[in-house]
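These notes are about the structure you will find just below.
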Amino acid sequence: MANKIEISIGDIEYTYGYDEAAPEDLSVTHCHDAYEILFVVSGQGKYVVEGATFDIHPITLMITRPFEYHHVLVDRSTHYERYVLKFKISDLTPDTRERFSVIMSEEPEVSGKYYSSLTIPTEVFSIFDRFEFTSALPDTERSVYASMLLSEIILFLSACRGEQMVYRDDDLGAKVIRYLNENIHRNISLDKLARRFFVSKYHLCRAFKKHNGISVHGYINKKRVMYAKRLIDSGETASGAAYRVGFGDYSSFYRAYVKVLGKSPTSD
C-alpha cells in the first residue's frame, strides 16, 4: 500500500509519500536539472549517487546537485516515508542563495550534503508538512509561500552541521563514472574505456551496470542530453549544444534528446 502527494509550483516540485511494503528498488536511476532534497522520516536502505552509496536511516536528509544520477534502494522489511523537494537556484532569494552556497561544496569530489538525525533541527518537520497548505492558495500566493518555505529549510540547514557526501573510488563502477563525468564531452567508446581500465568490455559493462544501475551507453547519452538542455536553456543553439557535449552528429543527438526528455531540442 502506498500514499503520495505531489505538488508542482513553477520550478519547485514537492512530493510526500510512504510505502507500507517498500520495494527493494524504489526508483530507477535518474537525474534532472534541479537540486534535490530527500528527507527520510522512516525506513532503512541505501541512497546511490553517481555510484557512491550512502546509508539511509530514519530521520536522515540528503541534498544532491543537478545532473547527478541517483536512486534509492529500500530495505523491504521497513516502512519507507519520505519527502522529496526539487528546486533551482533561481527559486532562492539572493540571501538564501548565499547561505545555500555555504552548504553545497563545489569541490569535484563532493556530491552533496548529508544530515543525520542528530543534526536535523526539529523545525524542519513542520516546514515540509506546510507545503500541503499551498494547494489552498491562488497561484501568485502559492509561489511566494513555496519559496518562503524552501528558504526556511535552507536557512535551518545552513545553521547546523552536516557531512559532505564524498564520491568513493573503491569500485570499478565508481572509477568509470568519475572518468565519464570528467570527459563526457570527448569521443568515448567502450573499447577506449576498457583499455584505460585494463579490463574486458564485458567486465567493464557488468561492473558499471551493477554499481550505477544503468548501462554505460545509457549513462553517456542521458548525461550529455541533460548538459545539452542546460546549454540550450541558456541560449545556445541545439546544434551547438550537441557538438559541445560530445555528440558526433545532430541526428543522433536529436534521437537521444527525444528519447530522454520526450520532446525535441527546439520545442521550447
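Points to keep in mind about this one:
- Against the test of being aromatic (F, W, Y) and more than 18 Å from I37 (Cα to Cα), the options F128, F133 yield a single qualifying residue, F133.
To keep it simple, each residue is scored yes or no on (1) modelled with pLDDT of 95 or more; (2) surrounded by 16 or more Cβ atoms within 10 Å (Cβ to Cβ); (3) in the same structural domain as T122 (by TED's automatic domain parsing).
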{"residue": "E141", "(1), (2), (3)": "no, no, yes"}
{"residue": "A146", "(1), (2), (3)": "no, yes, yes"}
{"residue": "R161", "(1), (2), (3)": "no, no, yes"}
{"residue": "R178", "(1), (2), (3)": "no, yes, no"}
{"residue": "N181", "(1), (2), (3)": "no, yes, no"}
{"residue": "R186", "(1), (2), (3)": "no, no, no"}
{"residue": "R196", "(1), (2), (3)": "no, no, no"}
{"residue": "K201", "(1), (2), (3)": "no, no, no"}
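- Within region 95-114, if we keep just the residues that are of a type in the set (K, R) and assigned to a helix (DSSP H, G or I), the residue that is surrounded by the fewest Cβ atoms within 10 Å (Cβ to Cβ) turns out to be R97.
- Hey, E24 modelled with pLDDT under 90 and in contact with a helix residue (DSSP H, G or I) (Cβ under 6 Å, 6 or more places away or on another chain) or not: no
- Answer residue from region 43-64, given it is crowded, with 20+ Cβ neighbours inside 10 Å and touching a Ser or Thr at 6+ places or on another chain (Cβ under 8 Å) and is nearest to T119 (Cα to Cα) among those: T60
- Residue that is modelled with the lowest pLDDT, among those in region 210-261 that are in a helix (DSSP H, G or I) and polar (S, T, N, Q): N212
- Output for region 115-139, where each listed residue is surrounded by 12 or more Cβ atoms within 10 Å (Cβ to Cβ) and in a loop (DSSP other than H, G, I, E, B): S116, T119, I120, P121, L137
- Residues within region 54-94 that are part of a helix (DSSP H, G or I), touching a residue at least 24 places away in the same chain (Cβ under 8 Å) and not polar (S, T, N, Q), tallied: 2
- Of all residues making up region 67-109, the number that are of a type in the set (A, V, I, L, M, F, W, C) and over 16 Å from V48 (Cβ atoms): 8
- Check on V245, in contact (Cβ under 8 Å) with a residue 24 or more places away in the chain and either under 22 Å from the mean Cα position of the chain (by Cα) or within 25 Å of G51 (Cβ to Cβ) (or both): yes
- Single match in Y14, Y80 (criterion: more than 17 Å from V166 (Cα to Cα) and at pLDDT below 90): Y80
The values are calculated or read from the model by the stated rules, or taken from the named source; none is laboratory data. In this text the structure is predicted, and so the values were computed from the model without any measurement. Don't worry about glycine lacking a Cβ; one is built from the backbone with ideal geometry, like all the others, and counts go over all protein chains shown.
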